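Chemist: Here you go, one structure.
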Amino acid sequence: MLRHIVCWKLKGTAEEQERVVCRFREMMDDLQKILPEILSCSIGVNLHEGEEAFDLCVDETFADQPTLEYYLYYPDHVTIRDYMSASSYDKMVFDFLY
């Protein structure tokens, strides 16, 4: 099994960030409906605030590395990645096998 974790620092005001979070949740819900390769997906907003803190995180589980690679280049995921790139100013990715 493989965990894929991505965290973002979001641009904009609190209201703009809230809209980004809501849209991201919608987009990920839609993606999960069409991609059974996503075995689990949790999305969370950081309770800790501060310059060092990331604002939003997604934690997904996949069967293996080839499945993750398929997901990373799936067109709907690329759309989400582009949306989040435009909505954030920093990102952290952490993938690990367990």
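The values are calculated or read from the model by the stated rules, or taken from the named source; none is laboratory data. Model, not experiment: these values are computed from the prediction. Neighbour counts run over all protein chains shown; Cβ positions are idealised from the backbone, glycine included. The protein model used for the area step is the full one, side chains on, heavy atoms only, and it has no ligands, DNA or RNA in it. Shrake-Rupley method; radii C 1.70, N 1.55, O 1.52, S 1.80 Å.
Chemist: In whole Hz, with x marking every Gly and Pro, tabulate ³J(HN,Hα) for the stretch 47-62 from phi via Karplus 6.51 cos²θ - 1.76 cosθ + 1.60, θ = phi - 60°.
Modeler: 7, 8, 10, x, 4, 7, 7, 7, 8, 9, 9, 10, 10, 10, 10, 10
Chemist: While we're looking at this one, here's another question. Using a 1.4 angstrom probe on the protein heavy atoms only, line up Val45, Val6 by accessible area, largest first.
Modeler: Sorted by accessible area, descending: Val45, Val6.
Chemist: Less than 13 Å from a label point 7 Å out along the Cα-to-Cβ axis of Met92: which backbone N atoms in the stretch 7-27 qualify, by residue?
Modeler: The answer is 7-10, whose backbone nitrogens lie closer than 13 Å to the label point.
Chemist: Could you give me the radius of gyration and the Dmax of the stretch 29-73, taking only the C-alpha atoms into account and expressing both in angstrom?
Modeler: Expressed in Å, the Cα Rg and Dmax of the stretch 29-73 come to 13.2, 36.
Chemist: For the chain, which span is the longest to avoid every loop-located (per DSSP) member of GluC sites (Glu not before Pro) having at most 11 other Cβ atoms inside 10 Å?
Modeler: It runs 1-48.
Chemist: Hey, can you grab everything whose amide H is under 5 Å from the amide H of Ser88? Only 5+ residues off in sequence or another chain; H modelled, so Pro and N-termini drop out.
Modeler: Here the answer is Lys11, since their amide H atoms fall under 5 Å of that of Ser88.
Chemist: Can you list the equivalent-ellipsoid semi-axes of the chain, largest first and in whole Å, using the square root of 5 times each Cα gyration tensor eigenvalue?
Modeler: In descending order, the three semi-axes are 23, 15, 11 Å.
Chemist: For the chain, what does -39500 (n - 2.57) per DSSP helix run (n ≥ 4), summed and divided by total residues, give at 222 nm, in deg cm²/dmol to the nearest 500?
Modeler: Estimated from H runs of four or more residues: -14000 deg cm²/dmol.
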